[in-house]
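Before any comments, here is the structure.
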Amino acid sequence: MSEHDSSQSPPDRRPLIALAWVWVGAPLAYGLYELVQKATQLFTG
């Protein structure tokens, strides 16, 4: 059996995951905002 060495923990990927969510979420949020703006213009005149 191999013994688990706790002195080396795996690298923390939370900042990378957060960056990926921002990378995808920011344009998505902007697109949804623009969609709502144009839809209200379309239906209200």
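No value in this document is a laboratory result; all are computed from the given coordinates. What you are looking at is a predicted structure, and each value in this text was computed from that prediction instead of being measured. All Cβ positions, glycine included, derive from the backbone under ideal geometry; neighbour counts span all protein chains shown.
Tabulated data
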| item | result |
| --- | --- |
| Value at 222 nm in deg cm²/dmol, rounded to 500, when DSSP H runs of n ≥ 4 in the chain each add -39,500 (n - 2.57) | -25000 deg cm²/dmol |
| Nearest 10 degrees, 0 to 90: helix 14-44 Cα axis against the chain principal axis | 10 |
| Label-to-label distance, nm, for residues given as GLN37 and VAL22 (7 Å Cα→Cβ offset) | 2.2 |
| Cα gyration tensor shape for the chain, rounded if a/c is under 1.5, else prolate or oblate | prolate |
| Sites SER9 and TYR30, calculated FRET efficiency, Cβ-Cβ separation with R0 30 Å, nearest 0.05 | 0.25 |
